[in-house]
1. Could you figure out which of (1) of a type outside the set (S, T, N, Q); (2) in contact with a Phe, Trp or Tyr (Cβ under 8 Å, 6 or more places away or on another chain); (3) modelled with pLDDT of 90 or more isn't true of Ile51?
2. Can you name the residue in the stretch 77-115 that is touching a strand residue (DSSP E or B) at 6+ places or on another chain (Cβ under 9 Å), in a loop (DSSP other than H, G, I, E, B) and not small (Gly, Ala, Ser) and, of all such residues, is nearest to Asp142 (Cα to Cα)?
3. Evaluate the stretch 29-41: report whether one residue or more is part of a loop (DSSP other than H, G, I, E, B), surrounded by fewer than 16 Cβ atoms within 10 Å (Cβ to Cβ) and out of contact with any helix residue (DSSP H, G or I) (no Cβ under 7 Å at 6 or more places or on another chain).
4. So which of Leu266, Leu258 ends up being under 30 Å from Arg86 (Cα atoms) and touching a Leu at 6+ places or on another chain (Cβ under 6 Å)?
5. Would you mention how many residues in the stretch 150-166 are of a type in the set (S, T, N, Q), open to solvent by 20 Å² or more (accessible area, probe 1.4 Å) and on the phi < 0 side of the Ramachandran plot?
6. Would you tally the residues in the stretch 49-75 being more than 21 Å from Gln119 (Cα to Cα) and either buried (at least 22 other Cβ atoms within 10 Å of the Cβ) or within 13 Å of the chain's Cα centre (by Cα) (or both)?
7. Being open to solvent by 50 Å² or more (accessible area, probe 1.4 Å) and not in a helix (DSSP H, G or I) is the filter here; which residues of the stretch 232-274 pass it?
8. Are any residues in the stretch 167-190 over 27 Å from Asp130 (Cβ atoms) and surrounded by fewer than 17 Cβ atoms within 10 Å (Cβ to Cβ), and if so, which ones?
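The values are calculated or read from the model by the stated rules, or taken from the named source; none is laboratory data. Bear in mind that the values here come from a model prediction, so they are computed numbers and not experimental data. In this analysis, Cβ positions are derived from the backbone assuming ideal geometry, glycine residues included, and neighbour counts consider all displayed protein chains. Please note that ligands, DNA and RNA were not included when accessible areas were found on the heavy atoms of the full protein model with its side chains. Shrake-Rupley method; radii C 1.70, N 1.55, O 1.52, S 1.80 Å.
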Amino acid sequence: MIRAHLLQEPGNLAGVRHIVLVLSGKGGVGKSTISTELALALRHAGKKVGILDVDLCGPSIPRMLRVQGRAVHQGDSGWVPVFVDREQSISLMSVGFLLEQPDEAVVWRGPKKNALIKQFVSDVAWGQLDCLVVDTPPGTSDEHMAVVDALRPYSPLGALVVTTPQAVSVGDVRRELTFCRKVGLRVIGLVENMSGFVCPHCSECTNIFSRGGGEELARHAGVPFLGSVPLDPELTRSLEDGRDFIQDFPDSPAFPALSSIAQKILSQTPAGLS
């Protein structure tokens, strides 16, 4: 059960060096995929990473990391996140761990969602982390305001905004950039996901959707363009099976794109998170 009261313990994020929010104005663009692969890429760069999954109605990251069904325990300082690997280099907190059944729907009104988000920020004992990746729901709702307001005292590094190439997605993501400006959240950069399909047999790239919409939006909005991630069946399979894509598929066309995005984020931190 989720406790009715909130514990305000600012010390629980005291050991987190940098916080990155992953945002998108539209659902289905692969925001949780980018959050997961970013965390894995940072881990392979030698960093200790946490993932806070506040997509309360669609908590998919536990499955992507093959930790669904794990239990969250209460420690002396608050909730202890689930560790993904033996080395405890990636930790995860998600509402998915609090549901009695994996298919249970979270049918909550805004105030209850906002209260849980605030509790996730204040009451999860992350310990020492180089980076906390916050996977948010799509859109610009009360939940986003709750996340930004709760994290503001900890000076987040900024937002990573995800889009796909087609115009309908780019239009929604443009509104997400406006949201970031209105709430004073720095935009680290924009990522174009599902940017073409690279044939695993002949390596020819086919633009299933349109092309270059994310890069054009970044240019017009005056924000950094961090890169394009192609559609890749190996990436899809790794997420379905809970495998470490960064480790298992170094020859994939998506690998250099994801690694480059992680390095560009690291380069924006003081001393490159050394």
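1. The one condition Ile51 does not meet is (2).
2. In this case the residue turns out to be Pro81.
3. No; the residues of the stretch 29-41 include none that is part of a loop (DSSP other than H, G, I, E, B), surrounded by fewer than 16 Cβ atoms within 10 Å (Cβ to Cβ) and out of contact with any helix residue (DSSP H, G or I) (no Cβ under 7 Å at 6 or more places or on another chain).
4. Leu266
5. Number satisfying all stated conditions: 1.
6. Summing the residues that are more than 21 Å from Gln119 (Cα to Cα) and either buried (at least 22 other Cβ atoms within 10 Å of the Cβ) or within 13 Å of the chain's Cα centre (by Cα) (or both) in the stretch 49-75 gives 2.
7. Arg243, Pro250, Asp251, Pro253, Gln268, Ser274, listed by residue number.
8. Ala167, Val168, Gly171, Arg174, Arg175, Thr178, Arg181, Lys182, listed by residue number.
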